[in-house]
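Every number here is computed from the coordinates shown, using simple stated rules; none is lab data. Only a predicted model underlies this, so the values are computations on that prediction, with no experimental measurement involved. Backbone-built Cβ (ideal geometry, glycine too); neighbour counts: all protein chains shown.
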Protein chains: 4
Amino acid sequence: MTRIESLLLQFIQTRQHTQDICNPLELEDYVVQPIEDVSPPKWHLGHTTWFFEEFILKKHLTNYTLFSDDFSFVFNSYYETVGKRVIRSNRGNLSRPSVQKIYEYRDYVTNALKEVIAKNNSLELENLLEIGIHHEKQHQELLITDIKFILGNNPLLPAYNNTIKEHSPETHMHEWITIEEGVYEIGHHTDEFCYDNELGRHKIYLQPYQIANKLVTNKEYIAFIENGGYTNHNYWHAEGWDWVKNNNITSPLYWHNIDGKWHYYTLNGLQEIDLNAPVTHISYFEAFAYAQFKKLRLPTEFEWEIAQNKFSWGDRWEWTESAYLPYPGYAKADGALGEYNGKFMVNQKVLRGGSIATPTQHTRPTYRNFFQTNLRWQYTGLRLAK
Amino acid sequence: MTRIESLLLQFIQTRQHTQDICNPLELEDYVVQPIEDVSPPKWHLGHTTWFFEEFILKKHLTNYTLFSDDFSFVFNSYYETVGKRVIRSNRGNLSRPSVQKIYEYRDYVTNALKEVIAKNNSLELENLLEIGIHHEKQHQELLITDIKFILGNNPLLPAYNNTIKEHSPETHMHEWITIEEGVYEIGHHTDEFCYDNELGRHKIYLQPYQIANKLVTNKEYIAFIENGGYTNHNYWHAEGWDWVKNNNITSPLYWHNIDGKWHYYTLNGLQEIDLNAPVTHISYFEAFAYAQFKKLRLPTEFEWEIAQNKFSWGDRWEWTESAYLPYPGYAKADGALGEYNGKFMVNQKVLRGGSIATPTQHTRPTYRNFFQTNLRWQYTGLRLAK
Amino acid sequence: MTRIESLLLQFIQTRQHTQDICNPLELEDYVVQPIEDVSPPKWHLGHTTWFFEEFILKKHLTNYTLFSDDFSFVFNSYYETVGKRVIRSNRGNLSRPSVQKIYEYRDYVTNALKEVIAKNNSLELENLLEIGIHHEKQHQELLITDIKFILGNNPLLPAYNNTIKEHSPETHMHEWITIEEGVYEIGHHTDEFCYDNELGRHKIYLQPYQIANKLVTNKEYIAFIENGGYTNHNYWHAEGWDWVKNNNITSPLYWHNIDGKWHYYTLNGLQEIDLNAPVTHISYFEAFAYAQFKKLRLPTEFEWEIAQNKFSWGDRWEWTESAYLPYPGYAKADGALGEYNGKFMVNQKVLRGGSIATPTQHTRPTYRNFFQTNLRWQYTGLRLAK
Amino acid sequence: MTRIESLLLQFIQTRQHTQDICNPLELEDYVVQPIEDVSPPKWHLGHTTWFFEEFILKKHLTNYTLFSDDFSFVFNSYYETVGKRVIRSNRGNLSRPSVQKIYEYRDYVTNALKEVIAKNNSLELENLLEIGIHHEKQHQELLITDIKFILGNNPLLPAYNNTIKEHSPETHMHEWITIEEGVYEIGHHTDEFCYDNELGRHKIYLQPYQIANKLVTNKEYIAFIENGGYTNHNYWHAEGWDWVKNNNITSPLYWHNIDGKWHYYTLNGLQEIDLNAPVTHISYFEAFAYAQFKKLRLPTEFEWEIAQNKFSWGDRWEWTESAYLPYPGYAKADGALGEYNGKFMVNQKVLRGGSIATPTQHTRPTYRNFFQTNLRWQYTGLRLAK
């Protein structure tokens, strides 16, 4: 199979998978945006489509006619280079275009892409196609976490479906993996796809360290809660402590204490907490506070990358102590695609690993996810180091 | 026809009319809440239904089973007496219950109401039924203005339908109607239905005054704009001037200046402004500023009520200079229904008349509508006095 | 004594009295602005002086040299007509001009005023001088309440002095004064000074009513607190209830519950509450809620004015049920002085009477004070009616 | 000279120097707090004194009597461990304690410290004394920048004095200093005082890099402004771009464009800009954007530390690309002193060097200053790397 054939296959599968994710939804679920960080599912459907139209069809398909002049305005996200856009907090106020119209838009663009691929297989097209596929996979992850928030924020707590299993118990006994000090190499180095923020394979020096072979579990986290974790400022950063107090945070997101027993909202509905499953839906502030409580710390992203082949990743994104910064030699691409990663490299923390919401083959040992330190709606957990 | 037969007929027609109003909508339009004052149409559908369930069925239908335990929580509006409720600004974040479910809820409650009416026609039931009908009519008015905002706030500016005519030109030549000073009587005094805030027929003393026979038109209002109405603080209350500056107000709501020509969004879509139609979608602040610009004033609600049979009302709610206050002897009813009017009698202005969104037979000469001084999404206009 | 001689005398006494009020302060007390409604004492000293310079000296004293070009910018309050001004919330951030400099400014302007009065006694000058004196008297009232807030907001609760007596017990037994229905006249009608908002003597019609001969006392108000006044939404306007909840209001301003006993901060420092003194430092929302709790109401400003010679006023401004609106025929003066009253005639309530902070001869039966419904730092109380 | 003798001398000099800094102020300047980040000078005077009382006198001076019970409440800053404190944004609302009282407090505590030193020279006392001295030196730096903001924010733009020289021109020609790749050592390693955040001397690996021998000048920065630096989103982080737009940022802090010519407020008053002086009062966002504009980057703190002996530091704190994070092995001290540094190690950037506001012997090659990415009131500049 040639590269273009392989990409075409992936493209078709990815486009389909996005729609499969939305399949269990009521039409109304496509529309709402309960908080600014969560986008309406219909926006994800449209935005991933717009990306292909904007960056491939407009340039590479002769005589391509836009599906609608207005859609580039409605479905642009943060690409300042590409003109005006609906401000992010306003996405949930737009009932139009309708979901039906957006599915028509998807079909229209998917078909045009097939046409362009059939006619034209330059390297540039292949690379754009690849990034478009990975862009849509990233949004698949967000789709699942955003759907969870939309349903889990609703007082009726409706289930998404009955098949996704969010929580698998940690089966390993706790052990410390020991890594010796020395010079190590960090960053992507194979021929596979990666984002520009993983590039620049480079040396770093690590002090000797130990990293846990397993994620922190709900049972362990409940001990933190019960020992005053949310009321003792000593465990927290000053900014984290303000966040706790201003938002009355007393447990991870989606947790409900019903008659003294902890439950959580899952994609299958409300459930009793599985004590042996890894804790999830915690902010960096909480991950840090938990580590302080244990008199331990979070690993850096480099410590994680070097040790990662020695433990099972689990199905949680793991907060690291590392700030999201460019690797040596990093330079933003020119034009709108240059806005993909670089402009977020401030005041965010790196997460490593992957979660149950991550599509197959979308993560890898060098993958760098990143979020602000107060966010919790992703499947975020933690692993300890010392 | 007995009173209960007449009420049953009104009830059935009113329930149907609410659904007719929603008929042209896409399903997505039922869900969103672009600003706090605007409720999602599906919320109006549910809330008017909940009102009948809460205040009639629970008490007057033996063995009545609630359609859903959760709905009283979701569809309560501001009745603090009736337990917890979803905060108003969160209504647009709830994708469930689905529109389909709410229509089932409507049918269920409508049928139960028919049953209760067939079995039971006490005066108390009749009075509750009557207030429930009028409550739903009030929400029909809000439904139309909220739908207009939902569509008119969307960058695609979709039309609602092609049949509603929002604007009929003022055909009268301007004349001043003169009323002599003296003692007059104010307030409701017939056997017809009215709200408690219209009761307490009482004497007031009016100074001699003149009131215009027609509403201010778009053409006249454009002269205000063109003569610096929005940039000269002298025309404005201090609070109004802050509102203008903080919100960059430069024209009525829904107005768009396209290539130097004024257009407005209407339920039929974007149109050129009809210069002879009454100006609408202005706040009290704007109405007051316009009157200052003309060196005239707004009438009080009493001046309006005494003069109202001498002019044609038009189809705009008219801002008056009167603050919304209780009439002499006004007392809140006991219980949750007492929350209907009395608790809003502060920092709002009275509007008189009725608008194109007002259902038939819903307004009358003594009807007192009321809104905060900065609100514009109703069909609000103004008539001058001196 | 001619009018100008009398005004000169008043002018000198008023200028001196302002400084007497500031006498007990530490220099630091002149500078701070703990909330937007409270101005720093040094700002009051400068602003009342600027008023004379701006409206009299600039026009009526030939060759007058401004004390400083910058002061009109710093000490203008809300006179949009007179150019740029420091925004109100920024007054407490300005350490310069120093207090010493402002006292020099006061002397400079006072002397220039004496000069202009000696040379020139036109009616226009007399009228401007009179309004300037009354303007400064109004600020004397604010000076006292602002000083009280500045010291009472400080955790050290320092006393202002030991001589002002804020609270004199109500000595009257409660009685209802009965007024018959009929046409009455309202508004100023003597030759004495009044503000433009009192003018337009006019007829109004009053229903029969009764008004209490005394103000509500602290003892009575404590009964309201102890009977759940602040936790029962039924007593409150919807807007008032939001205010209570958002600000955690549980008692009047300056009240402290120490070991189960109510105390309040007074200008003499912290004291046990005098149960028989009139309650004070309550918002309109609280006054209204108290009346609801008693199943009574507040009087209108007209009821108060007609009955006021039948009771002792006490030393509290009294909230009325009346919205602050123009009297018939009211028209704003031209120019900056027209901004004095008219532009505040929206969303405020009228208070009648006067308080211990009111300078001698500054209030009268027709005087209309006005504040927003949530404000409490004035000496505000209430009298019941029915 | 023994260590305790040397510390006593430093203590006396430091206490005196703080007061010398305040000497040119008017009393009113001690009181105000124009923004939350800026504390009133009187608060600095009290807080540095409270630090000695809280951490030394209470424990080490037998029978020590607190100067005032209330002061620990008023002058605590962020030490959550030591009980309640005045929230930071409220400092400028407190006129008491008076400046005079605070100077008395300083004398009282300074004398008690001399007494405790005379009696007791344990190592623990010496260490606490040393940290107290360095704590006060840090506040001397803040005192100068806070005074500059207090005066520079005032529309009268008063000078602080005529002797401080804020700006010395860069005299070096631009050159790139080249550093080879390899393993280097970072962190404090002498016997001199340092903060806990500098400890943990450890190895790091550096890629080859070049760092400029001089700071970016005003002239160079003006070229950035004139080439659309503040209007081209491509140069900015997404968060930085929001900051620019929300705050209408168009130049460094204190810059005024007067008739087309750039001026800045300095401690000597308003001056024309010295084109050859290093640019200052810029945020990290601006430093980063400038580097992007030049297609270069900021150095990391490690690159700076390794190269710093090869260039002259200038008199500006220099923004680095490094997030403020703990060094390997860092652990917070127990108790309240543990709150000194560790709890700020999130969402801030490291600055290296020192500024004209830095007291003598207060900075060193390993010193790590840190601020949020939007702050500009320190003397912050930038040096380029590649």
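Some observations on this one:
- Cα gyration tensor category, rounded, prolate or oblate, for the range B:108-258 with a/c compared to 1.5: oblate
- A label point on C:LEU270, set 7 Å along the Cα-to-Cβ line, lies at 4.5, 4.7, 6.4 nm from each of its counterparts in the other copies, closest listed first.
- Shape of the range A:1-65, Cα gyration tensor, a/c cut at 1.5: oblate
- Shape of the range A:279-342, Cα gyration tensor, a/c cut at 1.5: prolate
- For the pair the range A:214-287 / the range D:1-59, the C-alpha centres are spaced 42 Å from each other.
- Electrostatic bookkeeping for C:GLY260 treats Lys and Arg as +1 and Asp and Glu as -1; over the other residues with beta carbon under 14 Å from its beta carbon, the sum is -2.
- Share of pairwise Cα separations in the range C:176-381, more than 27 Å, in percent: 34 percent
- Point-charge dipole on Cβ atoms (K/R +1, D/E -1) for chain C, about Cα centre, debye to 20: 300 debye
- Residue exposure sequence - D:VAL279, D:VAL244 - by fewest surrounding Cβ within 10 Å: D:VAL244, D:VAL279
- ³J(HN,Hα), Karplus 6.51/-1.76/1.60, whole Hz, each residue of the range C:57-64, x for Gly, Pro: 5, 4, 9, 9, 10, 4, 6, 5
- Whole-angstrom gap from the range A:121-178 to the range D:329-386, using each part's C-alpha centre: 38 Å
- Legend: translational diffusion of the protein assembly as shown by Stokes-Einstein, Rh = Kirkwood radius over C-alpha pairs, 10 °C, 1.306 mPa s; D = 43 µm²/s.
- Checked against a 22 Å cut-off, the cross-linked pairs C:LYS165/C:LYS214; B:LYS245/B:LYS386; B:LYS137/B:LYS386; A:LYS343/D:LYS332; A:LYS349/D:LYS343; A:LYS219/A:LYS261 give Cα-Cα distances beyond that limit for B:LYS245/B:LYS386; B:LYS137/B:LYS386; A:LYS343/D:LYS332.
- When D:ASP107, B:ASP29 are arranged by Cβ crowding within 10 Å, least crowded first, meaning fewest neighbours, the order is D:ASP107, B:ASP29.
- Considering only the protein assembly as shown, percent of DSSP beta bridges that pair antiparallel, nearest 5: 95 percent
- Between copies, the label points at A:GLY335 (set 7 angstrom from Cα along Cα-to-Cβ) are spaced 6.3, 6.5, 6.9 nm, reported in nanometres from shortest to longest.
- Charge-dipole axis of chain C as Lys and Arg at +1 and Asp and Glu at -1 on Cβ define it, positive-most pick from C:ASN23, C:LEU384, C:GLY354: C:LEU384
- Across the identical copies, how the B:ASN232 labels are spaced - nm, sorted shortest first, 7 Å along Cα→Cβ: 4.5, 5.3, 6.9
- Selected from A:GLN361, A:GLN348, A:GLN292 as most flexible by GNM, with chain A as the system and alpha-carbon contacts under 10 Å: A:GLN361
- Put in line by how crowded their Cβ is, counting other Cβ atoms within 10 Å and starting with the fewest, A:LYS137, B:LYS58 read B:LYS58, A:LYS137.
- Radius of gyration, Dmax [chain A; alpha carbons; angstrom]: 21.6, 66
- All lysines inside 17 Å of D:LYS101 as judged from Cα atoms, apart from same-chain residues fewer than 8 positions distant: D:LYS42
- Cα-derived Rg over Rh, computed across the range D:3-152 with Rh taken as Kirkwood radius: 0.96
- Shown in residue order for the range C:201-218 are the 3J(HN,Hα) couplings computed by the Karplus curve 6.51 cos²θ - 1.76 cosθ + 1.60 at θ = phi - 60°: 3, 8, 8, 9, 10, 10, 6, x, 8, 10, 9, 5, 7, 9, 7, 5, 9, 4 Hz (x for Gly and Pro).
- Axis angle, to the nearest 10 degrees, between helix C:41-52 and the longest C-alpha principal axis of chain C: 60 degrees.
- Each other residue within a Cβ distance under 12 Å of D:PHE149 adds +1 if Lys or Arg and -1 if Asp or Glu, for a net charge of -2.
- For C:PRO208, neighbours were defined as the other residues whose beta-carbon sits under 9 Å from its Cβ, and their charges (Lys and Arg +1, Asp and Glu -1) total -2.
- Per-residue 3J(HN,Hα) values for the range C:254-261, derived from phi via the Karplus relation 6.51 cos²θ - 1.76 cosθ + 1.60 with θ = phi - 60°, read 6, 7, 10, 8, 10, 6, x, 10 Hz in sequence order (x marks Gly and Pro).
- Within a straight-line Cα-Cα reach of under 17 Å, B:LYS58 can be paired with the following lysines, leaving aside sequence neighbours fewer than 8 residues apart in one chain: B:LYS114, B:LYS119.
- Taking amide H as placed 1.01 Å from N in the peptide plane, B:THR266 has its amide H under 5 Å from the amide H of B:GLN271, each at least 5 places away in sequence or on another chain.
- Expressed per residue, the C-alpha convex hull volume of the range C:278-386 stands at 117 Å³.
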